[in-house]
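Visitor: My questions all concern the structure below.
Please treat every number below as a calculation from the coordinates, not as lab data. These numbers were taken from a predicted model, which means no experiment stands behind them. Don't worry about glycine lacking a Cβ; one is built from the backbone with ideal geometry, like all the others, and counts go over all protein chains shown.
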Amino acid sequence: MPPLPRPAAWAQPLPEAAPPADMAIYQLPTGTYETRAAFAVQGGSFRDKRHFAATAILVHHPKGDLLIDAGFGTQLATHVATLPRIQRAPHRAKRTVSEQLDASGYDRSRLLGVLLTHSHWDHVSGLGDLQVPIWINSDELHYAAEESDGNVFRSVSTGHQIHEYDCNGPSYLGFPSSFDVYADGSVVVALAGGHTPGSVVIFVTVPSGKRYAFIGDLTWQLDGIRRRVERPWLLRKLADSDPEHVRQGLLRVIALADLVQIVPAHDRNAYEGIPRLPAPIP
Ligand SMILES: [Zn+2]
Ligand SMILES: [Zn+2]
């Protein structure tokens, strides 16, 4: 399979962003699960075992903090057991987001909620350990309420406040609509759809001016960006609500790859340079 045609690189000015000086982001890796590259990206080898990351991001912002996705939670084994057999991969759990926050002496009252890239089990498992609002758009909420892929979401979201937001802001870096969370351009959610109907790309700009795109599962590995390849045909059929829409989103982020650090949720290497949560000050 040839790669996708190379999209023209983004040539317009980057959208304005004015992150406050004390804004920062941290990565919270909660574990991995094993997948063969052959099942992850076109042209991947069967012998090439990949350890898919389940990593959450903490956005620290003076107006209140947000987590991007929730990683694996304490009920991981129960969640994996609910999956169709074909999806149950060997997994390794590390400390949950909740445990990592406590270990760093984090003040939970700072948390506004968990902003989801989408509602699949490997992004929401840790919600069960976090009593904070779930930030989700209506397309994703409907999907998670009705589809079998929403089983884990439905169980972990019980008792959580749902903070439903709309992506009704202007187009953003090639995506048709957006939601500027803090109204300062530091965290902008763009509706991508495709993988699930309400899948989003979360663009983050930190005070140094560095930009990130947390793209959820638009592609599972950086190979998808670097080699411009989609998931293998069967996996597109199984994993994506609308594969054509996923391709569109993938091409949009490939066009940004020289300007923005693209972070596919499940590629451990994509998080390079993002610091871990600091240890508590003694
Ligand atoms: Zn997914
Ligand atoms: Zn995923």
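Visitor: So what is the relative contact order of the stretch 1-54, in percent, for Cα pairs below 8 Å that sit 6 or more residues apart?
Guide: Values: 43 pairs, mean separation 16.2, N = 54.
Normalised by residue count, the contact order of the stretch 1-54 is 30 percent.
Visitor: Also, quick follow-up: Using a Gaussian network model on the chain with a 10 Å cutoff between Cα atoms, which of 251, 238, 14 fluctuates the most?
Guide: Most flexible of the set in this elastic network: 238.
Visitor: Lysines within cross-link reach of residue 94: Cα-Cα under 30 Å, excluding same-chain residues under 8 positions apart?
Guide: Straight-distance partners of residue 94: 49, 63, 210.
Visitor: Same structure, new question: Fully extended, how many nm does the chain gain between residue 16 and residue 171 (0.36 nm per residue separation, minus their Cα-Cα distance)?
Guide: Details: separation 155, 0.36 × 155 = 55.80 nm, distance 1.29 nm.
Taking residue 16 through residue 171 to full extension adds about 54.5 nm, to one decimal.
Visitor: Right, here's the next one. Using the count of nearby Cβ atoms within 10 Å as a rough guide to exposure, how do 140, 99, 230, 16 rank from fewest to most? Could you put the intermediate results ahead of the total?
Guide: Numbers: 140 24, 99 16, 230 20, 16 8.
Lowest to highest Cβ neighbour count: 16, 99, 230, 140.
Visitor: Same structure, new question: So what is the relative contact order for the stretch 41-156, in percent, with contacts set as C-alpha pairs under 8 Å and at least six apart?
Guide: 28 percent
Visitor: What residue among 64, 12, 136 has its Cα farthest toward the positive end of the dipole of the chain, where the charges are +1 on Lys, Arg and -1 on Asp, Glu, each on the Cβ?
Guide: 12
Visitor: Sort 142, 120 so the one with the fewest other Cβ atoms within 10 Å of its own Cβ comes first. Write out the running numbers ahead of the final one.
Guide: Numbers: 142 13, 120 24.
The most exposed by this proxy come first: 142, 120.
Visitor: Pop a pseudo-label 7 angstrom from the Cα along the beta-carbon direction at both residue 1 and residue 81 and give the gap in nm to one decimal.
Guide: It works out to 3.5 nm between the two label points.
Visitor: Still on this structure: Rank 224, 44, 209 by mean-square fluctuation in a GNM of the chain with C-alpha springs under 10 angstrom and give only the top-ranked residue.
Guide: So, out of 224, 44, 209, the one fluctuating most is 209.
Visitor: Of the DSSP beta bridges with both residues in the chain, give the percent that are antiparallel, rounding to the nearest 5.
Guide: On the way: 31 of 45 bridges.
If we restrict to bridges inside the chain, about 70 percent are antiparallel.
Visitor: I would also like to ask the following. In nanometres, what is the gap between the two model label sites at residue 269 and residue 38, each 7 Å from Cα along Cα-to-Cβ?
Guide: Label at residue 269, label at residue 38, 2.1 nm between them.
Visitor: For the chain, count the residues as N, evaluate 2.2 N^0.38 Å, and divide the Cα radius of gyration by that value, please. Show your work: numbers first, answer last.
Guide: Working: Rg = 17.6 Å, N = 282, 2.2 N^0.38 = 18.8 Å.
Cα Rg divided by the expected 2.2 N^0.38 Å: 0.94.
Visitor: For residue 258 and residue 145, what does the FRET efficiency come to when R0 = 45 Å and r is the distance between their Cβ atoms, rounded to the nearest 0.05? Don't skip to the answer; put the middle values down first.
Guide: Values: r = 39 Å, r/R0 = 0.86.
For residue 258 and residue 145, the calculated efficiency is 0.70.
Visitor: Let me ask you something else. Can you give the calculated 222 nm mean residue ellipticity of the chain, where each DSSP H run of n ≥ 4 adds -39,500 (n - 2.57) and the sum is split over every residue, rounded to the nearest 500 deg cm²/dmol? Working shown, then result.
Guide: On the way: 9 runs with 59 residues, N = 282.
It lands at -5000 deg cm²/dmol.
Visitor: Would you mind calculating the relative contact order of the stretch 140-179 from Cα pairs under 8 angstrom and at least 6 residues apart, reporting the percent as a whole number?
Guide: 22 percent.
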